[in-house]
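Derivation of every value follows stated rules applied to the coordinates shown; laboratory data play no part. Values in this document were obtained by computation on a predicted structure and should not be read as measured data. Cβ placement follows ideal geometry from the backbone for every residue including glycine, while neighbour counts extend to all protein chains displayed.
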Amino acid sequence: MKIIVTGAAGFVGSNIVAGLNARGITDIIAVDHLKSGDKFKNLVDLQISDYVDKHDFYKLFQNKHYGHVEAIFHEGACSDTMEMDGQYMMRNNYQISCELFEAAQAQKTRLLYASSAATYGGGKHFSESPKNENPLNVYGYSKLLFDQRMRKACGDQWNLNTSQVVGFRYFNVYGPREQHKARMASVAYHQHHQFIKDSKVKLFGGYDGYGNGEQLRDFVWVGDVVDVNLWFFDHPSVSGIFNLGSGRAQPFNDVALAVVNAHLKHQSKPTVTLGEATSKGLIEYIEFPQALVGKYQSFTQADLTKLKQAGCDHKFTNVQDGVSQYVEHLFK
């Protein structure tokens, strides 16, 4: 069984390769671009059958160079929400994805691709409905436009009109193999390194009706993201666009406290409550930046109704357990 993973040296892509390897699947063509950064390190401990640069891959696949491919996990994209080059973003995230979809359908290859919760923008409702979609940046728009293209191409009954096509709207993913993402790495990753440097974690103070560190996000453990991807891989008759978050909004305070307590545990010190952490200066609140006023999502929470209706009833990891496990991994 031949599998292709684009963005294979990236965060979610490399974790998917690891998940496939755990099943004994190693006939994997890894597609990425290693011109800069240390992303290659994400592939060192993984088993693949070939590596292809992204600039060569898409034309080769269109020309059926690889023979029959069972499925493509399409994780390759520009995920920098601060990238303002719209022409680059639309070519990289939208046009290439459209070309890949057409080629995959012609070869009866299944396509499981990364969409994003950025398609919802600053809205308050997070179900997979066009009325809730209002991206705040060109990254979110590039992801939304491809979702719209898939809706049009696949029609109301996706799996009857096409080979399997699944889009996953990732919320705030965190976990191993994200070290190359720099400013786009997760809050937990940055707080871990901040605590090492300063012996404390800094959070935004009150904003938008929320108290200090109480803004809420749907933080989802990357292991859960892999498990859901593989659930759909195991159920080829199920297609559509689905939220992929924990379904549980938790405050930034929860992430910070989990990071602090993981460090204290590593130092063989007793854990603390949020009140104790703030009184001891282990968590510090800073004034909310003016530059982010009106551009910041104070609340996100994946509506998992559609995912569960599809038959995927995965049990998601909470922040306390996931972040603790992640920090333990970062100490290795």
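For the pair Thr305 and Lys108 in one chain, pulling the backbone fully straight at 0.36 nm per residue adds 68.0 nm over the alpha carbon distance. Among the listed pairs Lys41/Lys265; Lys39/Lys197; Lys124/Lys152; Lys280/Lys308; Lys35/Lys143; Lys197/Lys295, those whose Cα-Cα separation exceeds 32 Å are Lys280/Lys308. Ordering of 161-171, 101-111 by packing is 161-171, 101-111, highest average first (other Cβ atoms within 10 Å, averaged per residue).
Taking a sphere under 14 Å around the Cβ of Trp221 and counting the other residues whose Cβ falls inside, with K and R at +1 and D and E at -1, yields a net charge of -3.
The eigenvalues of the Cα gyration tensor, multiplied by 5 and square-rooted, give the range 150-193 an equivalent ellipsoid with semi-axes of 36, 9, 8 Å from largest to smallest.
Quick one: among Leu292, Leu230, Leu100, which has the greatest mean-square fluctuation in a GNM of the chain with alpha-carbon springs under 10 angstrom? Fluctuation is largest for Leu292.
The Cβ shell under 11 Å around His33 holds other residues with a net charge of 0, Lys and Arg each +1, Asp and Glu each -1. From the square roots a ≥ b ≥ c of the eigenvalues of the alpha-carbon gyration tensor of the range 141-230, which class results: rounded (a/c under 1.5), prolate (a/b over b/c), or oblate? Verdict is prolate for the range 141-230.
Normalised by residue number, the volume inside the convex hull of the Cα atoms of the range 1-85 is 99 Å³ per residue.
Using C-alpha pairs under 8 Å with a sequence gap of at least 6, the mean separation divided by the residue count of the range 13-118 gives a relative contact order of 27 percent. Rounded, prolate or oblate: which fits the range 226-298, taking a ≥ b ≥ c as square roots of the Cα gyration tensor eigenvalues, rounded meaning a/c under 1.5, else prolate when a/b beats b/c? Cα axes put the range 226-298 in the oblate bin.
Charge dipole (Cα centre; +1 on Lys/Arg Cβ, -1 on Asp/Glu Cβ; no other charges) of the range 183-284 amounts to roughly 440 debye. Beta bridges assigned by DSSP with both partners in the chain are antiparallel in approximately 10 percent of cases.
Exposure proxy shown here: for Cys154, Cys98, the number of other Cβ atoms within 10 Å sets the order, fewest to most, as Cys98, Cys154. Across the chain, Cα-Cα distances exceeding 37 Å account for 17% of all pairs.
Each peptide in 319-330, 241-252 was scored by the mean count of other Cβ atoms within 10 Å over its residues; highest first, the order is 241-252, 319-330. The distance separating the Cα centre of the range 48-93 from that of the range 183-249 comes to 25 Å. In this rough spin-label picture, where each label sits 7 Å from Cα along the Cβ direction, the Gln267-Lys332 distance is 2.4 nm. Does the range 126-278 come out rounded, prolate or oblate by the C-alpha gyration tensor, with a ≥ b ≥ c the root eigenvalues, rounded set by a/c under 1.5 and, if not, prolate when a/b is larger than b/c and oblate if not? In terms of gyration-tensor shape, prolate. The listed peptides 115-126, 18-29, ordered by packing as a protection proxy, come out as 115-126, 18-29 (highest mean of other Cβ atoms within 10 Å first). Potential lengthening of the chain between Thr81 and Glu99 amounts to 4.2 nm, from the contour at 0.36 nm per residue minus the alpha-carbon distance.
Each Cα pair under 8 Å and six or more residues apart adds its separation to the average, and for the chain the resulting relative contact order is 17 percent.
Rounded to the nearest 20, the Cβ-based charge dipole of the chain about its Cα centre (Lys and Arg +1, Asp and Glu -1) stands at 80 debye.
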